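The values are calculated or read from the model by the stated rules, or taken from the named source; none is laboratory data. Computed from a predicted structure; not experimentally measured. Virtual Cβ from ideal backbone geometry, glycine too; neighbours counted across all protein chains shown. Accessible surface areas use protein heavy atoms only, side chains included; no ligands, DNA or RNA. Shrake-Rupley method; radii C 1.70, N 1.55, O 1.52, S 1.80 Å.
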Amino acid sequence: TAEVSLQSEGGENALGFSLSFDPTVVSFQSAGLGDSAEGAKLIINDSQALAGKLGFVLAFPSGTTFAAGTGQVLRLTFRASPFASGNSTISLTDSPVLRQISDAGAGALEASYVSGTITVNPLPSLLITRTDHGLMLSWPAWATNIALQVVGDLTTSGEWTNVPIDAVRTNDHNAVTVPLDEAARFF
């Protein structure tokens, strides 16, 4: 996920801008208004999303403006490419939508723009180590949406189930120790 924030002086009524990103690293999934833009109209130009370009226009009704201060105006969801990892730049650009900010009277306002980065973690690996107490299964701590699952047989329609043991964080890894027995299991 990524967010676009506005440092508002309190007189801004509408925003237009484009985002440029590396489509070999991430692909665009969706966008929605941020908390500071509730009530605004959002128009998305995603006609060039496969080329890594998105355009956005956010506008409040006439006479309404963004509140003064820094706030989130746009939330974006991207999907990481399967083998991508590392940092990738997201730039504010003028194509397909020009960068512009206007006041409640449709007058142009001066603004500066700051690009950002998306960090894509690599696919996590499950490490399996034999201990005195069984098998220790561990994966990177940054992989927060992982549920360790087990199945006894891959050749039949066996169902994967969650391992009923809570993970313990150890040395930047989440770890679970399962008892060692004669049954074949796949994790």
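Of the residues making up the range 93-107, not a single one is within 16 Å of VAL26 (Cβ to Cβ), in a loop (DSSP other than H, G, I, E, B) and either open to solvent by less than 70 Å² (accessible area, probe 1.4 Å) or not hydroxyl-bearing (Ser, Thr, Tyr) (or both).
Of note, PHE66 does not satisfy the criterion of being closer than 27 Å to THR144 by Cβ, among the aromatic types (Phe, Trp, Tyr) and open to solvent by less than 40 Å² (accessible area, probe 1.4 Å). When the range 149-166 is filtered for residues that are of a type outside the set (Ser, Thr, Tyr) and in a loop (DSSP other than H, G, I, E, B), the ones remaining, listed by number, are GLY152, ASP153, LEU154, GLY158, GLU159, TRP160, VAL163, PRO164, ILE165, ASP166.
Residue-wise test of (1) acidic (Asp, Glu); (2) surrounded by fewer than 15 Cβ atoms within 10 Å (Cβ to Cβ); (3) part of a loop (DSSP other than H, G, I, E, B); (4) at pLDDT 95 or above.
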| site | (1), (2), (3), (4) |
| --- | --- |
| SER5 | no, yes, no, yes |
| ASN13 | no, no, no, yes |
| ALA31 | no, no, no, yes |
| SER36 | no, no, no, yes |
| SER47 | no, yes, yes, yes |
| VAL57 | no, no, no, yes |
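Quick check: is even one residue across the range 99-106 within 17 Å of VAL57 (Cα to Cα), in contact with a Ser or Thr (Cβ under 6 Å, 6 or more places away or on another chain) and not aromatic (Phe, Trp, Tyr)? Yes.
One residue alone among ARG79, ARG75 is open to solvent by 50 Å² or more (accessible area, probe 1.4 Å), in contact with a Leu (Cβ under 9 Å, 6 or more places away or on another chain) and either of a type outside the set (Asp, Glu) or assigned to a loop (DSSP other than H, G, I, E, B) (or both), and that residue is ARG75. Restricted to the range 167-183, and to residues there that are of a type outside the set (S, T, N, Q) and assigned to a strand (DSSP E or B), the residue that is farthest from TRP142 (Cα to Cα) is VAL178.
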